[in-house]
Structures are given as C-alpha cells and as structure tokens.
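Below is one structure, written out as structure tokens; comments come after it.
The values are calculated or read from the model by the stated rules, or taken from the named source; none is laboratory data. Note that this is a predicted model, so its numbers are computed, not measured. Every residue, glycine as well, gets a Cβ built from its backbone with ideal geometry; the counts of neighbours run over all protein chains shown.
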Amino acid sequence: MERFLYHYFDESTGPFRNLSELEPTEAEEILKEIRDRKKGFASKRSEDYLTIRRSLEIKARELFILKGGKPVRSYPHYMTLGQCPWLLEWYERGKQVRIPIEQFHPDTISFTYGDLFPTMRYQDGRMYRDQVYTLGEIYRVIEQFGLPQEWNPHGDLGPERYIEAQVWDDKPLIGCEP
C-alpha cells in the first residue's frame, strides 16, 4: 500500500502556498496573474473558482470533523496519496515534495477519491462521490477501486486521476524541501 504523500508546485513560488489563506481580493489578484500568463492548468480556472473552492474546503473540513478529524488549519494544503507525475504538468516549472505518511497524525489528514472538485461536484452515483475519508477508510476504498493514477492515468475514464490528501496541520510540512 502507498506510504507517501506528494505535493506538486511551481518552482517559482515554492511548496505549500495556499490561495485560500489569503484575503479574497489578494487571492483573486494572484489568480488573475496566473490566468494572464496562460501557462499551466491553473491558468484555465473559472472566474468563480475561489468561491467554489472555499465552499468545498469548508464542506470537506466539516465532513472530516464528523468522522473524528481534528483539523488545525481552516483550509487544507493539498497532496496526493502516491505519485502522480501528470500533476507536474500543471505548472510552468513543476516540482514535487515527497513525505512519508507516518509523519502526519491521522487526525489531521483527510482524503477524497479524486480531486476535491470533481469528488464533491460530479454526480454519477459512484459511492466515493461527496465523501471525505480518514486514513483507514481510504485504504479500504483503494482495495475496492484501486489507485486512480494507475487505472486512469490519462483521465479518459472519468475525473479521478489521483487520491487527494487534505492536510489540516502545518507541523509535518515544516522544513520540507523539494
């Protein structure tokens, strides 16, 4: 079973930068700059992206708390369970950080089977839609469905391309270098 979390980012900004932590106007300005560059996946995000993102993050946090999670942060940092090299293409100068999952307290990481956006918004009746999982739960889901980055590496079989980890604590990320 996969035992590492990966974080993907642009070399120019560095790891674990989070638009949700910023004031809405500052976050919109940064997103506009990204859109204006017209490079990378983030440049294609919709005008209402930040509004949707914040509402989904609040929902994910609430669902995680209902399952016994103890988030420290208001908004998560994003990682993947297992490597997903495709995500390097999201960035002009893509880099990755790999951290053993044992460095994270299970009460501070939640998971979605797929990216948070399609997991919470795509309606096709799959049992993992609209769900947030704990560490123990996500391994059971993987046993049933496999790792999306293995069965859907090109995204032609649905929106699931990886398992996303929402990291709700900064402590395990301090000092992480690519």
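In table form, for the structure just shown:
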| item | result |
| --- | --- |
| Yes/no for residue 39 being modelled with pLDDT under 85 and of a type in the set (Lys, Arg) | yes |
| Per-region count, segment 129-178, residues touching a His at 6+ places or on another chain (Cβ under 6 Å) and small (Gly, Ala, Ser) | 0 |
| Some residue of segment 121-129 being farther than 19 Å from residue 71 by Cα and in contact with a Pro (Cβ under 8 Å, 6 or more places away or on another chain) | yes |
| Residue match in segment 48-65 (condition: in a loop (DSSP other than H, G, I, E, B) and out of contact with any strand residue (DSSP E or B) (no Cβ under 6 Å at 6 or more places or on another chain)) | yes |
| Of all residues in segment 144-178 being exposed (fewer than 11 other Cβ atoms within 10 Å of the Cβ) and under 19 Å from residue 109 (Cα atoms), the one that is modelled with the highest pLDDT | 174 |
| Of the criteria (1) over 24 Å from residue 108 (Cα atoms); (2) surrounded by 16 or more Cβ atoms within 10 Å (Cβ to Cβ); (3) modelled with pLDDT of 75 or more, which one residue 13 fails | (2) |
| Residue under evaluation residue 89, criteria (1) in contact with a Leu (Cβ under 9 Å, 6 or more places away or on another chain); (2) of a type in the set (Asp, Glu); (3) at pLDDT below 95, criterion not met | (1) |
| Qualifying residue in segment 106-114 (condition: aromatic (Phe, Trp, Tyr) and crowded, with 18+ Cβ neighbours inside 10 Å) | yes |
| Subset of segment 115-132 (residues that are touching a Lys or Arg at 6+ places or on another chain (Cβ under 9 Å), in contact (Cβ under 8 Å) with a residue 60 or more places away in the chain and surrounded by 14 or more Cβ atoms within 10 Å (Cβ to Cβ)) | 116, 117, 120, 132 |
| Tally, over segment 98-114, of residues that are touching a residue at least 60 places away in the same chain (Cβ under 8 Å) and over 20 Å from residue 58 (Cβ atoms) | 8 |
